[in-house]
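Let me begin by presenting the structure, written as structure tokens, before commenting on it.
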Amino acid sequence: MTGLRRYDDAGQAFPIYITVVAGLLFLAFAFLAVGQAGANRNGAQTAADAAALAAALDTRDKLTDKWVENILDPTKWRDIFDGVGVPFDGCPRADQLAAQNDATVVCAELPVLPGTPPGYKVEATTNKTVGDSIVPGIEDKKSVQQATAVIESVCDFDPPGADADTHVLPTLKCDGGEWTPDPTDPENLPKPEDLFDVHLAD
């Protein structure tokens, strides 16, 4: 009788064992599906961040070029540093960076408002889908994420008065130091990274 009971207990335990194993396998596949979705979402966020920063950096360099063009007219400096009256055409650069990250983006410049730094907002969509998954309905899903990058001037200066000597340019007081720009020495003019800070914004 003891031997028969042992075999009977083993027979009852086997279905329980199968159920437990099946449950563990389901959980493993579920975690894998979550991981796939998370990786896809991270890829979209990386593409969005890179694209927004690329557009902003491209425009930062053009703002610097505009400042150099108008270096002899300090009355225009403030508008240039604030992004006023300067074309914001960095979205093609955002498209390039998105393509490198296997994504596409919708890019738009931020409105230039008083007290608000200019920049770009992009929405990135991954080219790849989540792929095969046990979670129904997500196989063909693409991840979409957004990012905003802004361009902030880090320099200040005292605008020239009406009777100021037009041959002496104002001193730029920037986070990285001070410059008294000398148009005859372009090598020692501030660089884009000296004049502007480009960063992601919430």
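How many residues are touching a strand residue (DSSP E or B) at 6+ places or on another chain (Cβ under 9 Å) and at positive phi if we restrict to region 74-101?
1
For region 179-196, what are the residues that are surrounded by fewer than 16 Cβ atoms within 10 Å (Cβ to Cβ) and modelled with pLDDT of 90 or more?
LYS191, GLU193
Show the residue pairs meeting these rules: Cβ distance below 6 Å; 6+ apart or different chains; first residue within region 141-152 and under 24 Å from ARG60 (Cα atoms) and among the charged types (D, E, K, R); second residue assigned to a strand (DSSP E or B) and modelled with pLDDT under 95.
none
Need the failing condition index for ALA44 against (1) touching a strand residue (DSSP E or B) at 6+ places or on another chain (Cβ under 8 Å); (2) modelled with pLDDT of 90 or more, just the number.
(2)
Could you please let me know if PRO117 is modelled with pLDDT of 80 or more and either among the hydrophobic types (A, V, I, L, M, F, W, C) or crowded, with 16+ Cβ neighbours inside 10 Å (or both)?
Spelling it out, PRO117 is indeed modelled with pLDDT of 80 or more and either among the hydrophobic types (A, V, I, L, M, F, W, C) or crowded, with 16+ Cβ neighbours inside 10 Å (or both).
How many residues are in a helix (DSSP H, G or I) and in contact with a helix residue (DSSP H, G or I) (Cβ under 8 Å, 6 or more places away or on another chain) when one looks only at region 58-84?
Looking only at region 58-84, we keep the residues that are in a helix (DSSP H, G or I), and these are 58-69, 74-82.
If we keep only those that are in contact with a helix residue (DSSP H, G or I) (Cβ under 8 Å, 6 or more places away or on another chain) as well, we get 58, 60-61, 63-64, 66-68, 77, 80-81.
Residues in region 58-84 being in a helix (DSSP H, G or I) and in contact with a helix residue (DSSP H, G or I) (Cβ under 8 Å, 6 or more places away or on another chain): 11 in total.
Quick check on GLN96: is it modelled with pLDDT of 90 or more, outside any loop (DSSP other than H, G, I, E, B) and touching a helix residue (DSSP H, G or I) at 6+ places or on another chain (Cβ under 6 Å)? So that I can check it myself, show each step before the final result.
On the way: modelled with pLDDT of 90 or more: yes; outside any loop (DSSP other than H, G, I, E, B): yes; touching a helix residue (DSSP H, G or I) at 6+ places or on another chain (Cβ under 6 Å): no.
So GLN96 does not fit the description; no.
For ILE71, indicate whether it is surrounded by 15 or more Cβ atoms within 10 Å (Cβ to Cβ) and without any contact (Cβ under 8 Å) to a residue 40 or more places away in the chain.
Details: surrounded by 15 or more Cβ atoms within 10 Å (Cβ to Cβ): yes; without any contact (Cβ under 8 Å) to a residue 40 or more places away in the chain: no.
Against the criterion (surrounded by 15 or more Cβ atoms within 10 Å (Cβ to Cβ) and without any contact (Cβ under 8 Å) to a residue 40 or more places away in the chain), ILE71 does not qualify.
The values are calculated or read from the model by the stated rules, or taken from the named source; none is laboratory data. Keep in mind that what you see is a predicted model, and the values were worked out from it rather than measured. Positions of Cβ are backbone-derived with ideal geometry, glycine not excepted, and every protein chain shown enters the neighbour counts.
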